[in-house]
Amino acid sequence: MDEAEAMPAEAEVGPFARVRVTVNGAPHEAEVETRTLLVHFIRDVLHLTGTHIGCDTTNCGACTVLLDGKAVKSCTILAVQAEGRQVRTVEGLAEDGKLHPVQEGFVEEHGLQCGFCTPGMMMTTVALLAKNPNPSEDEIRHAIAGNLCRCTGYVNIVKAVQYAAQKSRGGGSK
Amino acid sequence: MELEGSFTVRAPRDRVWSFFMDPYALSSCISDPHAFEVVDENHFKGWVKAGVAFIKGTFNGSAAIVERKPPDHARITAHGAGMGSAFDVESTVDLSEAGGDTTVRWKANVVLNGTIATVGARLLKGTIDKKSNEFFENARKKLETA
Amino acid sequence: MIPPRFEYFAPSTLDEAVEILGRYGGEAKVLAGGQSLLPVMKLRLAEPKALVDINRIPDLAYIREDGGWLRIGATTRMNDVNDSNLAKRRYPILTDAASVIADPLVRNMGTVGGNISHGDPANDLPACMLALGAQFAVRGPKGTRTIPAASFYLDTFTTALEPDEILTEIQIPKPRTGQGNAYEKLEKRAGDFPIVGVAINLFESGRKIESAGIGLTAVGPTALHAKAAADSLVGQAPGDAAFRRAAELAMQIAQPVSDLRGPAEYKRAMIGVLAQRALRTASKRAGGGA
Amino acid sequence: MTVLGGIGQPIKRKEDARFIRGKGNYVDDVQLPGMLYLDIVRSPYAHALIKYIDIEKALKVPGVLAVIRGKDLEAAKLAWMPTLMSDKQMVLPIERVMFQGQEVAAVVADSRYAAADGVAAVQVEYEAMEPVVNPMKALEKDAPVIRWDKENKTNHIWHWEVGDRKATDAALKASDVTVTQDLYIPRIHVSSIETCGCVAAFDAMGKLTVWMTTQAPHAIRTVFALVAGLPEQKIRIISPDIGGGFGGKVPVYPGYVIAVVAALKTGHPVKWVEDRTENLQSDSFARDYHITAEIGATKGGKLTALKVKTIADHGYTDAAANPSKFPAGLFHIVTGSYPFEKAFVEVDGVYTNKPPGGIAYRCSFRVTEAAYTIERLIDILAGKLGMDPAEFRMKNFIPQQAFPYKSALGWEYDSGNYGPALRKAMDIIGYESLRKEQVEKRKRGELMGIGISSFTEIVGAGPSHTFDILGLKMFDSCEVRIHPTGKAIARFGTKSQGQGHETTYAQILAEELGIPAEDIAVEEGDTDTAPYGLGTYASRSTPTAGAAAAMAARKIREKAKLIAAHLLEVSPGDLEWKDHKFSVKGLPSKGKTMQEIAFAAYTNHPQGMEAGLEASDYYDPPNLTFPFGSYICVVDIDKETGEVKVRRFVAVDDCGTIINPMIVEGQIHGGLTMGFAAAMLEEIQYDENGNIQGGTFMDYLLPTAVETPKWETAKTTTPSPHHPIGAKGVGESATVGAPAAIVNAVVDALSHLGVTHIDIPITPWKVWSLLQEKGAA
């Protein structure tokens, strides 16, 4: 293991691409390998670790972020695909220290336990409510079908979404 | 996975036998890109780039003639590793001659392990079947035209 | 899971995209939504030398009726089909299918063109295209050609597309009065690959079936075109007897394999069950119901 | 007004504040300067000889710094490590691989991307060996012996039995009615959404800190000290936020050990985080029990005896996470809620070429297997007797007056009251009218079924005279310190993985100390600061550490009483603890709050008394606790496709005193969903070559919100007589109780066709095949 005694000089890897993405309203720019996944860009380059990785195969939704307002799985998107686009993560939900109704709903209705799927689940909810401010229970359950939760059994997540929907409709903070 | 098949060619058994004992002839029946070198008369090593459409990778491996009973029976094994996976093939070839024609009966037991067997099970069977048949169909064609 | 390295191109014209594909001679892949391709690359089961991202090419995402066709641009997202009132109203089979492909998040990225040209026999849209008698506009170095869905699917992950060709538009014949269609999918769990799926398109006139199309999902190396089953309906009165006969013929061409989504005999039987259900729905829709 | 938030209050969770902001701190969120990444080469073969491992190409991959092989570990005697069941497990192999997905070599690189490239570049030459996939075949005489390293050339690991075989046989023979049933409870995987991983770092003084996804940080530290020979004060295990555990984060996985070795060798912090495929392929499995059970009753429907034989597939080594005296865990709770006079259980552990394990999957050491077995057999027997399954249960429950009840297999149930729980579930769901509906539906040829499960759990390990892990006695602990302003910090030996300990422990302390829950900070998971404890699994946190919290608080109260007496200038005997403060008996207005007392403890305590207000307690429970419940499930079946839809599911749980009803309900929802998952969807299968089938979330299907039923919950309350606050634990009850209710409902829907059993998971084609077979499709 002698090879490891010293850190090597910056290794030549690549190919690289320059990526400019607006994340939670702030512009970011970085030179990354073309194969860099958006989730790694968010977590490892921007150090926004609220977005999690759960499955690697586009099934669990722990990595859900909003890309130009649409909920997508950031482990199956290349950072370069987000070039010039808007990304919103869980860190961008609360504004001026005030919780987003969706965040409030998850707390009030006990919609989370271990918290690992929660950021993704909330981002999906934000997108759902933007499109459908008054979803039925069935619509909610279908809308979160791409976000797996192993702790809660979904009943309280549904309630959390309903809470947020009502709160948003009631003219609370957006 | 057990596969088998047979075909008859208008060629004497001796010629068919030498075809199957000739690594260059056999290798010419592999449609996928590949290369090999002869280690000794019974052992060969090399690589093949194989898969289904764009789902493909390079397998490094070896082949061996493990049993020779001229003029009618041979057992050949092959092994390769790549794509987080490995394949092992044990095949037998039996030749019988009748009226100047030679009938080739082949059997192959193909064992796949690793990622491909784990995530690709849904699509594997057909592909292996196809590749095996293609190999022996190529052999038949070459024997016919040679 | 980390994909291997690749060159990345985001051309702004189709011609440029075709040129890059040609340069890599089969070693490049088109990146549309990436929802099927990237997982395979992350598993390192595919190592294309280059990805050609076609999302920066303008005017490839649309759903519109034009001439005799419904035209869907290749990079139209699955959810845009799902949300399309035009589809809901006039092509309900597309809504049926688009609403059950993977999950809503995948459908926000996944494209119609990708689902159709990936060549996975478990994808849902190919069977619909076969049933609808759709055709695909394809751009290559020599310009544009169209390929009928019926001759598009050659083998698993293998289509009639040349390595330097790109699917640009899906063209579905405009519906006529008396047309009804439906897609039925059986799945173990929401968002899973289908156990099997059946797509039906019927054209009824004067209480008779004038023409029909049937496509089958996940029971062969490609989506299957159940032509004999569809032909058996022609001239028949829509109803259980005709539907049962067609379902039996569809079952006969199914070549299912046993896997985690069920034994072959079950899948074959389910083709029969789903075919009859889809036929009933399609027929109801043909009569103006939904 | 400040809310106390004591016992019984549905207060909101403290921990949510960081999770909803994306500010949780999970292992993969830990970033250290100079940190390297570890990725693991895994075996494609289930059984093979390793001929050579070629690392030259991998070392040339840009960014790769080192490749670690078994032989590199051998010198430090780390190629093998002990399992929790005193077997041994390879960290990295030297000569053989024993299951597909086994760790073969590890690549250390300066980025995860480079590490992954390095893994792809390592070339391993194997010689395939015949794999043994089926445990029955493993026991055949001519089966290849898997564990070449052991003296005994057999795949049989151990035989374990409890009860009276002869008397049970005799009682079954004398029974008017008996039924025998084979049940296979398949291999499943906990699949917490966060996989396992760690970050290992040595400081300049040689102290090792490991941030690790572990449910039992203290035990891990001790194991590391014993295995690696490191001094225990130089090891710090930090279990940060954990993204779900369910038992999967109890064992020590090779990746952890390799990461520590890599950190030592490179002098850099090293991060290892599994991807989902690795997690499914190589982490501990659950279940995999092949059971044959026989049950008997009199003509009148009185239960007589129960006999259970089990083959347990352990994979290539016995790495089950069980208390060391119980190789089959607490499986001998299999007599369930019924007063069998005679019972006998035997279990044989078997090696196969599969990953090792044998963890709980949200249950207390094999209790689900037990509850499933008895609740299935009760239904089959009721069917044979022609009795309604609810009536049959009511008739046979252990009566309330029999508690504490000693079971035929040796357990002493602390408390129970089974009839009312079942009755409550029946009332909520409308049992009698559902039965009528079923009759009507059957006439029309429609299939609906009603299934009951009246389970008894056994949790809270353990009393330490019986329960240990590698000799470490299974107590747990709490340290409380009240600051001068009356705010407090409490530290525990357990580790929450989503259960809400920060909230519920604070509530227990609030109740006992009269300090608002929001003023009490709860910390767990750091071995440098928290008191020693055995960790969180088997629903043991409330029964053990929760009890320790109450006991520590009561110790504080003793001292507080003296201070209060001093402040009030009365004798301690004149004071009583009432309304969360000390007041003079008969003079409730004259009193001192804990806040006032705390301030005095630092500013004005009696002469001769030590300053400060703190206490700790290491709680060794006198017995386990026995939560219970009755679940009723209604299913509708599509005759054409065999699809089963759960129409309703009512869960009545009794977990003794409830600390936070909101959190308890949440735990039950989650447990029910994992029970549903096991009943309907999940199974890890292997092909004949030992290749895992379902090694990704594309194939291993967790339930989504769409098919998960809308759970209906209710409760009865039967406190534990021996627990300081009467609580019993609840995290796992629902996973234990739910599968039998679902299967019973499905079988009930088909019972008129002569169907008596269907193995889980209940796939549509299993139902369809039965319908075909019975001519009812």
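The values are calculated or read from the model by the stated rules, or taken from the named source; none is laboratory data. No experiment lies behind these values; they were computed from the predicted model shown. Note that we place each Cβ from the backbone using ideal geometry, even for glycine, and neighbour counts take in every protein chain shown.
Each residue in the range D:753-766 was checked for being more than 10 Å from chain C (Cβ to nearest Cβ) and either under 21 Å from D:Val439 (Cα atoms) or of a type in the set (A, V, I, L, M, F, W, C) (or both), and 8 pass. Look at the range D:49-68: where a residue is away from chain A (no Cβ under 11 Å) and a partner is in a helix (DSSP H, G or I), sitting 6+ places away or on another chain with Cβ atoms under 6 Å, you get D:Lys57/D:Ala121. Counting only residues that are closer than 30 Å to D:Glu683 by Cβ and more than 16 Å from the chain's Cα centre (by Cα), the range D:196-211 holds 2 of them.
Residue-by-condition table, conditions (1) under 30 Å from D:Cys655 (Cα atoms); (2) assigned to a strand (DSSP E or B); (3) not assigned by TED's automatic domain parsing to the domain that holds D:Ile258:
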position	(1), (2), (3)
D:Val3	yes, no, yes
D:Pro10	yes, no, yes
D:Asp39	no, yes, no
D:Ala46	no, no, no
D:Lys57	no, no, no
D:Ala66	no, yes, no
D:Ala76	no, no, no
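Within the range B:33-56, the set of residues being surrounded by fewer than 14 Cβ atoms within 10 Å (Cβ to Cβ) and part of a loop (DSSP other than H, G, I, E, B) comprises B:Pro33, B:Glu41. Here D:Thr503 passes the criteria (1) over 27 Å from the mean Cα position of the chain (by Cα); (2) assigned to a helix (DSSP H, G or I); (3) not aromatic (Phe, Trp, Tyr) except the one numbered (1). Taking D:Ala545 as the residue in question, decide whether it is more than 14 Å from every other protein chain (Cβ to nearest Cβ), over 18 Å from the mean Cα position of the chain (by Cα) and surrounded by 24 or more Cβ atoms within 10 Å (Cβ to Cβ). So D:Ala545 fails the test. The single residue among D:Val746, D:Val730 that is in contact (Cβ under 8 Å) with a residue 12 or more places away in the chain and within 12 Å of D:Ala679 (Cβ to Cβ) turns out to be D:Val746. Checking every residue in the range D:103-119 against the condition of being at pLDDT 95 or above and polar (S, T, N, Q) gives at least one match.
Taking the condition within 7 Å of another protein chain (Cβ to nearest Cβ), closer than 26 Å to C:Asn82 by Cβ and not β-branched (Val, Ile, Thr), does A:Cys151 pass?
Details: within 7 Å of another protein chain (Cβ to nearest Cβ): yes; closer than 26 Å to C:Asn82 by Cβ: no; not β-branched (Val, Ile, Thr): yes.
Criteria not met by A:Cys151.
Scanning the range C:188-209 for residues that are under 11 Å from C:Ala131 (Cβ atoms) and either within 11 Å of another protein chain (Cβ to nearest Cβ) or touching a Phe, Trp or Tyr at 6+ places or on another chain (Cβ under 6 Å) (or both) turns up just one, C:Ala199. Restricting attention to the range A:76-95, and to residues there that are more than 7 Å from every other protein chain (Cβ to nearest Cβ) and out of contact with any helix residue (DSSP H, G or I) (no Cβ under 8 Å at 6 or more places or on another chain), which single residue is farthest from A:Val23 (Cα to Cα)? Taking the candidates together, the pick is A:Glu95.
Residue count for the range C:73-124 satisfying the condition of being under 22 Å from C:Ala10 (Cβ atoms) and away from chain A (no Cβ under 13 Å): 9. Quick one: count up the residues across the range D:713-771 that are under 23 Å from A:Gly153 (Cβ atoms) and of a type outside the set (Val, Ile, Thr). Of the residues in the range D:713-771, 18 are under 23 Å from A:Gly153 (Cβ atoms) and of a type outside the set (Val, Ile, Thr). Of the residues making up the range A:77-96, none is surrounded by fewer than 21 Cβ atoms within 10 Å (Cβ to Cβ), among the hydrophobic types (A, V, I, L, M, F, W, C), in a helix (DSSP H, G or I) and not assigned by TED's automatic domain parsing to the domain that holds A:Thr118.
Restricting to the range C:35-45, give me the number of residues that are over 23 Å from the mean Cα position of the chain (by Cα) and assigned to a loop (DSSP other than H, G, I, E, B). Outline the logic, then answer.
Filtering the range C:35-45 down to residues over 23 Å from the mean Cα position of the chain (by Cα) leaves C:42-45.
Checking which are assigned to a loop (DSSP other than H, G, I, E, B) leaves us with C:43-45.
Adding up the residues that qualify gives 3.
Within the range D:260-282, residues that are facing chain A (nearest Cβ under 8 Å) and farther than 23 Å from D:Phe99 by Cβ reach partners that are of a type in the set (A, V, I, L, M) and surrounded by fewer than 24 Cβ atoms within 10 Å (Cβ to Cβ) with beta carbons closer than 6 Å, at six or more positions or on different chains, in the pairs D:Lys265/A:Met1; D:Thr266/A:Ala4. The set of residues from the range D:684-725 being within 27 Å of A:Ile140 (Cβ to Cβ) and assigned to a strand (DSSP E or B) comprises D:Glu712, D:Thr713, D:Ala714, D:Lys715.
If the condition is being touching a Pro at 6+ places or on another chain (Cβ under 8 Å) and surrounded by fewer than 21 Cβ atoms within 10 Å (Cβ to Cβ), then the range D:455-482 contributes D:Pro463, D:Thr466, D:Asp468, D:Leu470. Among the residues of the range C:1-34, not one is in a loop (DSSP other than H, G, I, E, B), more than 14 Å from chain D (Cβ to nearest Cβ), of a type outside the set (Gly, Ala, Ser) and in contact with a Ser or Thr (Cβ under 7 Å, 6 or more places away or on another chain). Within the range D:103-144, the set of residues being among the aliphatic types (A, V, I, L, M) and within 14 Å of chain C (Cβ to nearest Cβ) comprises D:Val107, D:Ala109, D:Ala114, D:Ala115, D:Ala116, D:Val119, D:Ala120, D:Ala121, D:Val122. Of the candidates D:Val252, D:Val261, the single residue that is more than 27 Å from D:Ala360 (Cβ to Cβ), of a type outside the set (D, E, K, R) and buried (at least 22 other Cβ atoms within 10 Å of the Cβ) is D:Val261.
Criterion first (part of a strand (DSSP E or B), more than 21 Å from D:Ile188 (Cα to Cα) and of a type in the set (A, V, I, L, M)) does D:Ala343 satisfy it?
Taking the combined requirement at face value, the residue satisfies it.
Pairing each residue of the range A:23-47 that is of a type in the set (Ser, Thr, Tyr) with any residue that is assigned to a helix (DSSP H, G or I), provided the two are 6+ apart or on different chains, yields C-beta distances under 7 Å for A:Thr34/A:Val80; A:Thr36/A:Ala79. Criterion first (in contact (Cβ under 8 Å) with a residue 24 or more places away in the chain, more than 10 Å from chain D (Cβ to nearest Cβ) and of a type in the set (Lys, Arg)) does B:Arg68 satisfy it? Considered against the rule, which asks whether it is in contact (Cβ under 8 Å) with a residue 24 or more places away in the chain, more than 10 Å from chain D (Cβ to nearest Cβ) and of a type in the set (Lys, Arg), B:Arg68 comes out as yes. Has the range D:22-29 got at least one residue that is more than 9 Å from every other protein chain (Cβ to nearest Cβ), under 33 Å from the mean Cα position of the chain (by Cα) and under 25 Å from D:Ala228 (Cβ atoms)? Looking for residues that are more than 9 Å from every other protein chain (Cβ to nearest Cβ), under 33 Å from the mean Cα position of the chain (by Cα) and under 25 Å from D:Ala228 (Cβ atoms), one finds at least one in the range D:22-29, hence yes. Of the set (1) in a loop (DSSP other than H, G, I, E, B); (2) surrounded by fewer than 21 Cβ atoms within 10 Å (Cβ to Cβ); (3) modelled with pLDDT of 95 or more, all apply to D:Gln607 but (3). For the range A:54-75, a residue qualifies if it is more than 8 Å from the chain's Cα centre (by Cα), free of Cβ contacts under 8 Å to residues at least 40 places away in the same chain and more than 7 Å from every other protein chain (Cβ to nearest Cβ), and the qualifying residues are A:Leu67, A:Asp68, A:Cys75.
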